[in-house]
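Q: The structure under discussion is supplied below as structure tokens; questions concerning it will follow.
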Amino acid sequence: MAIYVDFMQIEFKGYKWCHLLADTLQELHEFAAFIELDERLFHRNASYPHYDVTVQMRETAIEYGAIPADRRKIIECAKKLKVELHAQIAESDSLN
């Protein structure tokens, strides 16, 4: 399992925020649950699925094995997660 955090520090509501991604959505959600991230921090409908994490949460994620990743790796993961999410949505729609 590989979990990644970027180096972004986007200021919003008094905090600096980064992005948490993984090789798969399942790994991403399992890790987020493991480090007790609030589910509301998951952005399914953003340009790519990810969790927003504060800089402090980023440090916790790294302590538990997340890998600091450069822009290239983040984009690579983002594309895979986006494809996976769209496949899940299509599958769900076909079952209904």
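The values are calculated or read from the model by the stated rules, or taken from the named source; none is laboratory data. Since we're looking at a predicted model, the values are computed, not measured. Don't worry about glycine lacking a Cβ; one is built from the backbone with ideal geometry, like all the others, and counts go over all protein chains shown.
Q: Please verify whether region 60-71 includes one or more residues that are charged (D, E, K, R) and either at pLDDT 95 or above or farther than 16 Å from residue 19 by Cβ (or both).
A: yes
Q: Right, another one. Any residue in region 52-62 that is out of contact with any Ser or Thr (no Cβ under 6 Å at 6 or more places or on another chain) and closer than 20 Å to residue 83 by Cα?
A: yes
Q: So which residues in region 1-12 are closer than 10 Å to residue 54 by Cβ and either of a type in the set (Lys, Arg) or in a loop (DSSP other than H, G, I, E, B) (or both), if there are any at all?
A: Result: 9, single match.
Q: Scanning region 38-57 for residues that are more than 11 Å from residue 15 (Cβ to Cβ) and among the charged types (D, E, K, R), which turns out nearest to the chain's Cα centre (by Cα)?
A: Of everything passing the filter in region 38-57, 44 is nearest to the chain's Cα centre (by Cα).
Q: In region 40-59, how many are outside any helix (DSSP H, G or I) and either of a type in the set (Asp, Glu) or closer than 19 Å to residue 70 by Cα (or both)?
A: Count: 8.
Q: Of the residues 37, 81, 20, which is surrounded by 13 or more Cβ atoms within 10 Å (Cβ to Cβ) and assigned to a loop (DSSP other than H, G, I, E, B)?
A: So the residue among 37, 81, 20 that is surrounded by 13 or more Cβ atoms within 10 Å (Cβ to Cβ) and assigned to a loop (DSSP other than H, G, I, E, B) is 37.
Q: Among the residues of region 55-88, which ones are touching a helix residue (DSSP H, G or I) at 6+ places or on another chain (Cβ under 9 Å) and of a type in the set (Val, Ile, Thr)?
A: Within region 55-88, just 67 meets the criteria.
Q: Within the set of pairs 6 or more residues apart or between chains, which connect a residue that is more than 14 Å from residue 73 (Cα to Cα) inside region 11-28 to a residue that is assigned to a strand (DSSP E or B) and small (Gly, Ala, Ser) with Cβ atoms less than 7 Å apart?
A: Pairs found: 28/22.
Q: Hey, another quick one. Quick check on my filter: what residues within region 43-75 are of a type outside the set (Val, Ile, Thr) and surrounded by 15 or more Cβ atoms within 10 Å (Cβ to Cβ)?
A: 48, 49, 50, 51, 52, 57, 58, 61, 66, 69, 73
Q: I've got another one for you. Of the conditions (1) assigned to a helix (DSSP H, G or I); (2) touching a residue at least 12 places away in the same chain (Cβ under 8 Å), residue 87 satisfies every one except a single condition; which number is it?
A: For residue 87, the failing item is (2).
Q: Among 39, 63, which is free of Cβ contacts under 8 Å to residues at least 12 places away in the same chain and closer than 13 Å to residue 3 by Cα?
A: Criteria check complete, one pass: 63.
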